[in-house]
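Reviewing the structure listed below.
What follows is calculated from the coordinates using simple rules that are stated; it is not laboratory data. As the structure is a computational prediction, the values presented were derived from the model and not from experiment. With ideal geometry, Cβ positions are generated from the backbone for all residues, glycine too; neighbour counts draw on all protein chains shown.
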Amino acid sequence: MQQQTIHIKQEEKKIWNILENVTDPEVPVLTILDLGIVRNVAINNNDVEICITPTYSGCPAMDMIAANIRMELMAAGYENIFIKNILSPAWTTDWMSEAGKQKLKAYGIAPPSDKPQVCNSGLFAPNEAIQCPQCNSYHTHRISEFGSTACKALYQCDNCKEPFDYFKCH
């Protein structure tokens, strides 16, 4: 029985390693592990269950992410794959890896603030001081609550004048 438990743990670790190859279709520099949306990996007999949480309820990328998880696991020889969407607890930017936040910045998207000054305070809340990913200035302003996707807001830097997306905290 202990031998079987060790084998399952090894297989789960192998699956976690495979999931490092699955990227977010909306922000392809991030893996789903960088985002922190993978909540659990479980093996029961020959069944593999992956639990994922969307960054937003109704996120259109989740179907593509589930398909990409399935394709990566099938390519590694897994057949009975079950992907379960977990909505509670709701995803939070606290689940993102620090490496993921650095990848966002390098890609030109301001990562979520570690300690946001203003978060979930409503549409007409004062602008949060968001650091420009291009020149690192905090002299920025929000142009739109929604950027290229619902999980991002559109900002502009007052110093370098470049527009940029901000991955909103929640």
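General observations
- Qualifying GluC sites (Glu not before Pro) in region 1-51, DSSP loop, other Cβ atoms within 10 Å at most 14: Glu20
- Those lysines that a straight Cα-Cα span of less than 22 Å connects to Lys105, excepting residues fewer than 8 apart in one chain: Lys115, Lys152, Lys161, Lys168
- In straight-distance terms, cross-link reach from Lys84 covers every one of the lysines whose alpha-carbon lies under 23 Å from its own, apart from those fewer than eight places away in the same chain; here that gives Lys9, Lys13, Lys14.
- Neighbour net charge for Cys135 - beta-carbon separation under 14 angstrom, K R +1, D E -1: 0
- Helical content alone sets the calculated 222 nm signal of the chain at -8500 deg cm²/dmol, taking -39,500 (n - 2.57) per DSSP H segment of four or more residues and averaging over every residue.
- Every Cα-Cα pair in region 2-91 was counted, and those over 20 Å apart are 31% of them.
- Principal-axis tilt of helix 62-75 within the chain, Cα atoms, nearest 10 degrees: 40 degrees
- For the chain, the relative contact order is 17 percent, taking Cα pairs closer than 8 Å that sit 6 or more residues apart in sequence and dividing their mean separation by the residue count.
- Taking a point 7 Å from the Cα of Met64 along the Cα-to-Cβ direction, the residues of region 21-37 with backbone N closer than 16 Å to it are 22-33, 35.
- The chain: angle of helix 98-107 to the longest principal axis, Cα-based, in degrees nearest 10: 50 degrees
- Sites Ser57 and Cys135, calculated FRET efficiency, Cβ-Cβ separation with R0 45 Å, nearest 0.05: 0.85
- GNM remark for the chain: springs join alpha carbons under 10 Å apart, and the peak mean-square fluctuation among Met71, Met96, Met62 falls on Met71.
- Around Pro60: net Lys/Arg minus Asp/Glu count, Cβ-Cβ under 13 Å: -3
- Potential extension, Arg142-Lys9 segment - 0.36 nm per residue separation minus Cα distance: 43.3 nm
- The alpha carbon radius of gyration of the chain, expressed as a multiple of 2.2 N^0.38 Å, is 1.19.
- Distances between placed amide hydrogens fall under 5 Å for Arg39 paired with Cys51, Ile52, Thr53, all partners being 5 or more residues away or on another chain.
- The residue list Ile18, Met62, Trp95 was ranked by how far each Cα lies along the charge dipole of the chain toward its positive end, using unit charges on Cβ atoms, and Trp95 comes out on top.
- Spin-label model, Ala42/Tyr107: points 7 Å from Cα along the beta carbon direction are separated by 3.0 nm.
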